Structure formats: C-alpha cells, structure tokens
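First the structure, in the form of structure tokens, and then the observations on it.
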Amino acid sequence: MTAQNEKITLMHGAGGTIMHDLVKNYIVKSFGGIGNAEVPLKAMDDAAVIGDIVLKSDSHAVKPIFFPGGDIGRIAISGTVNDISCLGAQPIALACGLILEEGLLLSDLKRVLDSMQEACLEAGVGIITGDTKVIEKGTLGGLVMNVSGIGKRTPALDRNLEVVRQIRPLKASWTLDSNLEKGDKIILTGTIGDHGLAVLSAQQGLKFGSDIKSDVKPLNHLVQTLIGEVGGVVVIKDPTRGGLADALNEWTEKSQTGIILEEDKIPIRPDVQTACEMLGLDPLEIGNEGKLIFGVIPQKAQQVLEFLQQTPQGKDAQIIGEATSQFRGVAMQTTIGGKRIVARPVGDPIPRIC
Ligand code: MG
C-alpha cells in the first residue's frame, strides 16, 4: 500500500509507537518549528510551557461514555488536570469543547455535566470558556469532547527543584520526561490496569467475577502537596494509553537511560491480573487514569513513598524500579527469576479507553 492510500486506524489513537509516529511525522512536522516555547510541541511531553504558564489540550472519545467508576466527563477533566500536574504546575482554568451526536439523551448529557462539575470541584479548577457543536447521528457513541487547560508554576515546584539541586544538577525547571538519571527511583502510586479493564468490561459486556472500577481522578493536589512538602521529584507522568510500558519507555528515550523494574513490586489487583491472563493482555500496556509515576532522586525516594502511602490516592504506592546506565530501554526482573525486555507497545490493547 502506498503512503497515499494509507488510512487512519484505531491504532493511530491508542498510545504506543503507531500513535507517536503519527504525531511526530505529521503534527510535530507541521507545527514543531513555529512559535517559541520553553517546553515546545516537539518535546512531546505531557503539556507545553510558555513562560510560567503550562498549556495542555486533550480530546476524549471513550466508548461507551459511561463505564464502571467513571464516564467521559470525569476522564476529560482528570486527563487535562493530570497532564498539567505532570509538569509540576497547578491547573488554574479549563476550556471545554463539546461535540454532541444527534439523538443523545439530554438526561445523559446532564449526567456527564454533573460528573464534570464534581471533578472540577475535586480539582479546584473551573471551565471558564467553551463551545458546543452537534453532528448528525452516526458512530460517535453519544458525545466526544475536548478539554484544554492552563496551569501555572507554584512555590511547591520551586521548593521541589531546590531539594533536587542540593543533591545533583538539574537544568530543567519543570518535571520533564528528559530529567531522569541513573540511580533515580521509579515510584508508582497504585494498582495498574483497573481503568482499561473497567472500560473493556463495559465495551464487551464482560463480567470478570468482581467489581473492577476505573481509577479515574484528578491528582493535582496530590502532586502539589508531595512536591511542596517532600520534594526530590525529577519527573512525573500519568501512565494512560499504552500503560506503564509506554510511559517508562518514553522516559528512557528522552532521558537516554535505562530502567530496571521489579515485577513483584508492581501493584496489580488479583482480579485484574486474572482477567488479563484470561484475555491474553499485558497489564503493563493497559491505560490508567488515576495513577502517577514519579522519578525521584534516591536520597528522597523512601520519604516520597511514605508520604504517598499515607494518602488515599497513593496508599498502594511502591518503588517499582530504578534508572540505570547499564542499558537503554526498559527491562524487568520477573517473579520467576528471569529478566525480560518491556518494549514500547504498538498501541494500547484496548481501543477508545479515554
Ligand atoms: Mg500524560
């Protein structure tokens, strides 16, 4: 097939290498050279930085729009809030573009808006502008939306960077993907795979013999209190589409380092593990919406862990590995004693999870 006949597939929106290639070869190629930003488009980080302002745009097309533990509105608010938080900034305002499908029940729209309102209140940030469009009945699945947002630099971020710089040099003034260095500990705030499997169960009408719920939530307050009160965090990311495998590989590529994980330290609910085994899915590649990974200087790792474990959002936190200079990419010490490569997935195994 020639490039001219190539078409967009669902994999182009599934995180992983196929989506990253699309963004790099088309979107960054078109706009990467225009404008002046401290953290620009071509950095392909969680959000961009211009001056002291962090800017993020995120569209949401989860199918179905309601699933165990959440809905499209809660994801849309949480996704943008969390991406801004990953730079170490505090979100201060959001914009929402709604695209509604003809035939959508107004009661369903109200339910989504109520849920967005709740997420906004949790995050302490409001929608201050937006737009609404309606399209003909088709395959949209009810509605899709875009939530963009701005965040700003906080004294907590400055204190955090100061803690790092007392131990080692750090050029970047935000918690960027490229900041990881050998010896830094990798801390995960809780169980993985819950969100992807919750959406999959709603898509397929599957019951996994338990109640697997999405973890979707805004995490800005957790980030700000952690970096302000403990510090030592060099990089933050939300392992969404493509899961932990995609997020950690992105760190190693941009930081030119390796990461070694310990499989028995990665928190996974037993029912999620069983469902993944049944369906042949790798929980490391499944998207999450309420978890964060932190790269932390080793001198602060234990303190960060203890802080997280005392919070409701981080009670299952674990140090799951560390950065190394011995190889590039991500490898994992398995529970049965071997080592395996954790490759960057081509895409999240579950389509339209956010
Ligand atoms: Mg992100």
Notebook entry, point to check: Mind checking which residues of the range 43-98 are out of contact with any Ser or Thr (no Cβ under 7 Å at 6 or more places or on another chain), charged (D, E, K, R) and not in a loop (DSSP other than H, G, I, E, B)?
Noted result: 83
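Report yes if residue 223 is within 16 Å of the ligand (Cβ to nearest atom), under 15 Å from residue 319 (Cα atoms) and out of contact with any Pro (no Cβ under 8 Å at 6 or more places or on another chain), otherwise no. Spell out how you get there, then give the answer.
On the way: within 16 Å of the ligand (Cβ to nearest atom): yes; under 15 Å from residue 319 (Cα atoms): no; out of contact with any Pro (no Cβ under 8 Å at 6 or more places or on another chain): yes.
Taking the combined requirement at face value, the residue does not satisfy it.
So that you can scan it fast, the table gives a plain yes or no per residue for (1) outside any strand (DSSP E or B); (2) closer than 22 Å to residue 176 by Cβ; (3) over 23 Å from the mean Cα position of the chain (by Cα):
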{"site": "299", "(1), (2), (3)": "yes, yes, yes"}
{"site": "319", "(1), (2), (3)": "no, yes, no"}
{"site": "330", "(1), (2), (3)": "no, yes, no"}
{"site": "335", "(1), (2), (3)": "yes, no, yes"}
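I need a count of the residues in the range 335-344 that are farther than 13 Å from residue 284 by Cα and open to solvent by less than 40 Å² (accessible area, probe 1.4 Å).
1
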Item checked: Residues located in the range 34-49, provided they are free of Cβ contacts under 8 Å to residues at least 12 places away in the same chain and crowded, with 16+ Cβ neighbours inside 10 Å -> 40, 48
Margin query: Looking at residue 112 and the list (1) part of a strand (DSSP E or B); (2) crowded, with 17+ Cβ neighbours inside 10 Å, which single condition is not satisfied?
Written below: (1)
Item checked: Residue satisfying condition, being surrounded by 16 or more Cβ atoms within 10 Å (Cβ to Cβ) and of a type in the set (Ser, Thr, Tyr), within set 107, 148 -> 148
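Which one of these is within 26 Å of residue 204 (Cα to Cα), away from the ligand (no atom under 15 Å from the Cβ) and surrounded by fewer than 22 Cβ atoms within 10 Å (Cβ to Cβ): 66, 31?
Details: 31 fails: within 26 Å of residue 204 (Cα to Cα).
Within the list 66, 31, the selection yields 66.
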Margin query: Considering only residues that are in a loop (DSSP other than H, G, I, E, B) and at pLDDT 95 or above, which ones fall in the range 216-243?
Written below: 216, 217, 218, 219, 230, 231, 232, 238, 239, 240
Notebook entry, point to check: Since residue 246 meets every condition but one in (1) within 15 Å of the ligand (Cβ to nearest atom); (2) assigned to a loop (DSSP other than H, G, I, E, B); (3) open to solvent by less than 20 Å² (accessible area, probe 1.4 Å), which condition does it not meet?
Noted result: (2)
Next item on the list: Could you please let me know if residue 56 is basic (Lys, Arg) and farther than 20 Å from residue 8 by Cα?
Entry: yes
Checklist line | Subset tally (residues that are more than 17 Å from residue 346 (Cβ to Cβ), in a helix (DSSP H, G or I), among the β-branched types (Val, Ile, Thr) and open to solvent by 40 Å² or more (accessible area, probe 1.4 Å)) for the range 1-28 | finding: 1
Next item on the list: Return the total of residues in the range 165-186 being outside any loop (DSSP other than H, G, I, E, B), surrounded by fewer than 22 Cβ atoms within 10 Å (Cβ to Cβ) and of a type in the set (A, V, I, L, M, F, W, C).
Entry: 0
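Select, from 236, 268, 227, 212, the only residue that is of a type in the set (Val, Ile, Thr) and within 26 Å of residue 18 (Cα to Cα).
Numbers: 268 fails: within 26 Å of residue 18 (Cα to Cα); 227 fails: within 26 Å of residue 18 (Cα to Cα); 212 fails: within 26 Å of residue 18 (Cα to Cα).
Being of a type in the set (Val, Ile, Thr) and within 26 Å of residue 18 (Cα to Cα) holds for just one of 236, 268, 227, 212, which is 236.
Yes or no, residue by residue, for (1) under 30 Å from residue 270 (Cβ atoms); (2) at pLDDT 95 or above; (3) over 23 Å from the mean Cα position of the chain (by Cα):
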site: 94; (1), (2), (3): no, yes, no
site: 112; (1), (2), (3): no, yes, no
site: 147; (1), (2), (3): no, yes, no
site: 164; (1), (2), (3): no, yes, yes
site: 168; (1), (2), (3): no, yes, yes
site: 192; (1), (2), (3): yes, yes, no
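The values are calculated or read from the model by the stated rules, or taken from the named source; none is laboratory data. It should be emphasised that the depicted structure is a prediction, and the values quoted were computed from it without experimental measurement. Here Cβ is always computed from backbone atoms with ideal geometry, including for glycine, and neighbour counts include all displayed protein chains. Note: areas computed on protein heavy atoms with side chains; ligands, DNA, RNA excluded. Shrake-Rupley method; radii C 1.70, N 1.55, O 1.52, S 1.80 Å.
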